[in-house]
1. For the range 81-104, enumerate the residues that are part of a loop (DSSP other than H, G, I, E, B) and open to solvent by 40 Å² or more (accessible area, probe 1.4 Å).
2. Could you tell me which of the residues Phe207, Phe182 is farther than 19 Å from Tyr104 by Cβ, of a type outside the set (A, V, I, L, M) and in a strand (DSSP E or B)?
3. Hey, does the range 78-89 have a residue that's touching a Gly at 6+ places or on another chain (Cβ under 8 Å), modelled with pLDDT of 95 or more and either closer than 28 Å to Arg251 by Cα or among the β-branched types (Val, Ile, Thr) (or both)?
4. Out of everything in the range 149-160 that is over 21 Å from Ala30 (Cα atoms) and modelled with pLDDT of 95 or more, what residue ends up being most open to solvent (accessible area, probe 1.4 Å)?
5. For Ala227, all conditions in the list (1) open to solvent by 40 Å² or more (accessible area, probe 1.4 Å); (2) in contact with a Pro (Cβ under 9 Å, 6 or more places away or on another chain); (3) modelled with pLDDT of 95 or more; (4) not polar (S, T, N, Q) hold save one; what is the number of the exception?
6. Out of all the residues in the range 134-144, is one or more open to solvent by less than 20 Å² (accessible area, probe 1.4 Å), assigned to a strand (DSSP E or B) and either modelled with pLDDT under 95 or in contact with a helix residue (DSSP H, G or I) (Cβ under 7 Å, 6 or more places away or on another chain) (or both)?
7. Given the criteria open to solvent by 20 Å² or more (accessible area, probe 1.4 Å), more than 30 Å from Ala236 (Cα to Cα), modelled with pLDDT of 95 or more and aromatic (Phe, Trp, Tyr), does Trp168 qualify?
8. Please state which one of Pro64, Pro113, Pro78, Pro118 is more than 27 Å from Ser247 (Cα to Cα) and either in a strand (DSSP E or B) or open to solvent by 40 Å² or more (accessible area, probe 1.4 Å) (or both).
Amino acid sequence: MVYRALVAMLLQTLAMLLAVPAIAAPTNIAAELIVEQAASPGQTVDLAIVMRPAAGWHGYWSNPGDAGLGMQLTWRLPLGATAGAPRFPVPETLLIQGLMNHVYGSEHAVIVPFTMPPSAQAGQVLPISVEAQWLACTDTICVPERASLAAQIKVGSAGTRDTRFDLWRQRMPAPLGAEARFALEPGRLRLAIPLPQSVALQGPHLFIAEDKVVDYAGEQRFSRAGAMLIIEMPRAKFAAIEPAALSGVLR
């Protein structure tokens, strides 16, 4: 009886393990950690986590939309060093079966500010590593992936820098220079964004960073009021929240 109970327990445990998806090695989206240049003690420089999706695969923005999962980072840094909030390039929209996803279907870089330890000594080479997790998807399947990424940074004058950071920064959202305003109304969100009329709108889309505020797949209506761009979006259908502040990216 004890033997049968033990076998039953082992089989139940095995079934539970098989039901939990394992996090795979990054075979569908390759990742690399790159340092822009050397830095002096206490100085802040940029790191880049470069993501390279295979053909037909995509990753996700910080707010993935109706489906998906944003990147998760766990840093291992030298004592006294800090890594800031990651900055993501402007995402793309992907509508599948009525679900709006915020994705990247080609090579892109997530930029992270890194501050050197104030106590670092010139000439030192410091190790930087991060455990990164993300979701890699096609239009039909998704695979959770992870990678241990590592790089080194030299303590000293800037010297030669990696010029690829110029292109990666160009793909980042540009700050407006003035705050937008928003109002929550029954069933919709209205925003007034300062934007000169000289800026042409070609396939515009507003990506809201906060979750459960808007219906991602809902129609976005754009109009002008002088130097303000007015955007109307339907509210989230379920468990909509009322945030005190909003942030996002206007494409």
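The values are calculated or read from the model by the stated rules, or taken from the named source; none is laboratory data. A quick note: this is a predicted structure, and the numbers were derived from the prediction, not measured. Virtual Cβ from ideal backbone geometry, glycine too; neighbours counted across all protein chains shown. Heads up: the accessible areas ignore ligands, DNA and RNA and are worked out on the full protein's heavy atoms, side chains in. Shrake-Rupley method; radii C 1.70, N 1.55, O 1.52, S 1.80 Å.
1. As a first pass, look at the range 81-104 and keep what is part of a loop (DSSP other than H, G, I, E, B): 81, 84-86, 88-91, 97-98.
Across the range 81-104, the qualifying residues are Ala85, Pro86, Val90, Gln97, Gly98.
2. Exactly one residue qualifies, and that residue is Phe182.
3. Looking only at the range 78-89, we keep the residues that are touching a Gly at 6+ places or on another chain (Cβ under 8 Å), and these are none.
No, there is no match, as no residue in the range 78-89 is touching a Gly at 6+ places or on another chain (Cβ under 8 Å), modelled with pLDDT of 95 or more and either closer than 28 Å to Arg251 by Cα or among the β-branched types (Val, Ile, Thr) (or both).
4. Ranking the qualifying residues of the range 149-160, first place goes to Lys154.
5. The failed condition is (3).
6. Taking every residue of the range 134-144 in turn, none turns out to be open to solvent by less than 20 Å² (accessible area, probe 1.4 Å), assigned to a strand (DSSP E or B) and either modelled with pLDDT under 95 or in contact with a helix residue (DSSP H, G or I) (Cβ under 7 Å, 6 or more places away or on another chain) (or both).
7. Values: open to solvent by 20 Å² or more (accessible area, probe 1.4 Å): no; more than 30 Å from Ala236 (Cα to Cα): yes; modelled with pLDDT of 95 or more: yes; aromatic (Phe, Trp, Tyr): yes.
For Trp168, the condition - open to solvent by 20 Å² or more (accessible area, probe 1.4 Å), more than 30 Å from Ala236 (Cα to Cα), modelled with pLDDT of 95 or more and aromatic (Phe, Trp, Tyr) - is not met.
8. Result: Pro118 is the single residue among Pro64, Pro113, Pro78, Pro118 that is more than 27 Å from Ser247 (Cα to Cα) and either in a strand (DSSP E or B) or open to solvent by 40 Å² or more (accessible area, probe 1.4 Å) (or both).
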